[in-house]
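One structure is given below, encoded as structure tokens.
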Amino acid sequence: MEKVLLLHSSSDGQTVKILRHIEQTLGEGYQCELVDLNTLPDIDFSGYQKVLIGASIRYGHLNKKLYQFIDIHQKALETHKAGFFCVNLTARKEGKNTPETSVYMKKFLQKSPWHPKLQAVFAGALRYPRYGWFDRVMIQFIMRLTGGETDTRKEVEYTDWDKVSQFAQRFQQF
């Protein structure tokens, strides 16, 4: 049985949902452990054959704890089969949904000392009713500027689950 560490830095839960989908796609033969990297956990990487980090973008930035975690564990990430994906609403648009075309992935690779060999970018979800007043207004403003959904009564999931499944298969063969 192959042990897989699934680390997440999630704002509203879509990144965790994507990791759970990847876990299901991997199926039997894989034992997955889901850990919130925002707690800066002390991890013994020797107990895992593969590592996958998923992180969400909020207001144009990845969580600072992600970079702290990478600084602490860079050597282990480089010596393991470790992949990375980011989740953002901009990826709902064609031409902004790949590691090569995502401004957020490019920014991550510039800021991070770790450059994962396996990368992906996924569109997230818009959950207006779940947001507090400030987030709802700010995200609505951003969506208005970018041509997205502005009805604050709606929840819209932009994640392409087929694309996530294909990435999970690439991770499996990695």
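The values are calculated or read from the model by the stated rules, or taken from the named source; none is laboratory data. The shown structure was predicted, so the numbers you read here are calculated from the model rather than taken from an experiment. With ideal geometry, Cβ positions are generated from the backbone for all residues, glycine too; neighbour counts draw on all protein chains shown. Ligands, DNA and RNA are stripped out before the accessible areas are found, and what is left, the full protein with its side chains, is counted by its heavy atoms. Shrake-Rupley method; radii C 1.70, N 1.55, O 1.52, S 1.80 Å.
Once you keep just the Cα pairs under 8 angstrom separated by 6 or more residues, what percentage relative contact order results for the range 1-132? Don't skip to the end; give the middle numbers.
Numbers: 219 pairs, mean separation 32.5, N = 132.
Worked out over the range 1-132, it gives 25 percent.
Working out 0.36 nm times the residue gap between GLU33 and ILE142, then minus their Cα-Cα distance, what length gain in nm do you get to one decimal? Please list the in-between numbers first.
Working: separation 109, 0.36 × 109 = 39.24 nm, distance 3.44 nm.
Full-extension gain reported as 35.8 nm.
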In the neighbourhood of PHE174 defined by beta carbon distances under 14 Å, the net charge of the other residues (Lys, Arg +1; Asp, Glu -1) is +3
Here the relative contact order (percent) of the range 86-152, from C-alpha pairs under 8 Å and at least 6 apart, is 31
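Please identify the GluC sites (Glu not before Pro) of the range 63-101 that satisfy two criteria: DSSP loop assignment and at most 15 other Cβ atoms within 10 Å. Which are they? Could you put the intermediate results ahead of the total?
Working: sites: GLU78, GLU94, GLU100; in loops: GLU94, GLU100.
In loop regions of the range 63-101 (DSSP not H, G, I, E or B), the sparsely surrounded GluC sites (Glu not before Pro) are GLU94, GLU100.
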Matching label for the computed Cα extents along the principal axes in Å, out of [x] 46, 32, 29; [y] 46, 43, 34; [z] 78, 36, 28, is [x]
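Counting other Cβ atoms within 10 Å, keep those with at most 15, restrict to DSSP loop, and tell me which GluC sites (Glu not before Pro) in the range 5-43 are left.
On the way: sites: GLU23, GLU28, GLU33; in loops: GLU28.
Here the GluC sites (Glu not before Pro) that fit, given the DSSP loop and packing criteria, are GLU28.
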Dipole check, the chain, charges on Cβ (K,R +1; D,E -1), about Cα centroid: among PRO116, MET143, LEU40 the Cα furthest to the positive pole belongs to MET143
Counting only protein heavy atoms and rolling a 1.4 Å probe, one gets per residue an accessible area for the range 80-133 in Å² of 47
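Find, to one decimal place in angstroms, the Kirkwood hydrodynamic radius of the range 73-174, where the mean of 1/r is taken over every pair of different Cα atoms and then inverted.
Working: mean 1/r = 0.0660 Å⁻¹.
Value: 15.2 Å, from the Cα pair sum.
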The distance between the Cα centres of the range 66-95 and the range 128-174, in whole Å, is 18
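Under the 0.36 nm per residue contour assumption, what length would be gained going from the current alpha-carbon distance of PHE134 and GLN166 to full extension? Don't skip to the answer; put the middle values down first.
On the way: separation 32, 0.36 × 32 = 11.52 nm, distance 3.57 nm.
Once the chain is fully extended between PHE134 and GLN166, it gains 8.0 nm.
First compute the accessible area of the chain with a 1.4 Å probe, then give the percent of it belonging to carbon and sulfur atoms. It would help to have the intermediate numbers written out before the result.
Values: 4400 of 9030 Å².
In the chain, the share of accessible area belonging to carbon and sulfur is 49 percent.
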In terms of the alpha carbon gyration tensor, root eigenvalues a ≥ b ≥ c, rounded if a/c is under 1.5 and otherwise prolate when a/b exceeds b/c or oblate, the range 21-81 is oblate
Relative to the chain, whose Cα atoms define the longest principal axis, helix 14-26 and its Cα axis are tilted in degrees, nearest 10, by 40
Result: in the range 67-157 the number of Lys pairs with C-alpha under 27 Å apart, spaced 8 or more or on different chains, is 21
